[in-house]
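As structure tokens, the structure follows; a few thoughts come after it.
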Amino acid sequence: MKRSKSLITRGGIVFEEGSDIPFTGNSSDNKESVVTGYKDGKISFVKEYGAKGKLLKFRKFEAVYYSESDIQEFDFQSLRVRFYQSLETAYSEVSSGSKVLQKFSNASMEYLKKEVREFLKDPENIKRIIEKNHQEFLKEKEIADPENIKTFYGKKDRRITHCYRCQDDLDSFNNLSCEKCKWILCPCGACGCGFEKR
């Protein structure tokens, strides 16, 4: 009887014994009735079976199964838009600095791109997300009446700085400002209302 080759993990990638090519396929653990699927050396799913082969658990791992070459990135105004395909699903992220503002997914990359384009057409979509992050930040810092603190776009005396919370670059021409403290509002939600001098 032919012995099946064992799987070896190197640097987080699974290889079949004696091979330098990342493993693609399924492996079984008969003792516990677990089948694990691999794509490019990374786990893509785990199925756990019970008595009589009944499927008890099915776990799909999607977000991390793509290579850097599969990512398409675009700059749109002060935003970064990323597209990538993973297993049977297409994904997109709209980010400002290090903050992901909105995530999308769709079975078709073509339809996903249309959805993202529609979202980006209306600048109010981004403004609403940043204002929501700002409200959460103000609540977290226990600032009084956070619902009544408005935002505005800074136009005079251009200011360029960075966020003390996440260290992302800020520019008053591109970013909202907090009406209460007049600081540039970071997409992560931080403003001067929560600044603590050290």
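Here is how the numbers come out for the structure above:
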{"quantity": "Net lengthening on full extension, residue 20/residue 45 (0.36 nm per residue, minus Cα-Cα)", "calculated": "6.8 nm"}
{"quantity": "Those lysines that a straight Cα-Cα span of less than 26 Å connects to residue 139, excepting residues fewer than 8 apart in one chain", "calculated": "99, 103, 127, 150, 180, 182, 197"}
{"quantity": "Ascending count of other beta-carbon atoms within 10 Å, so fewest first, for 9, 151", "calculated": "9, 151"}
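We did not get these values from a lab; they are worked out from the coordinates using the rules stated. If you're wondering where the values come from, they're calculated on a predicted model, not measured in any experiment. Because the Cβ atoms are built from the backbone with ideal geometry, glycine has one as well, and the counts that use them run over all protein chains shown.
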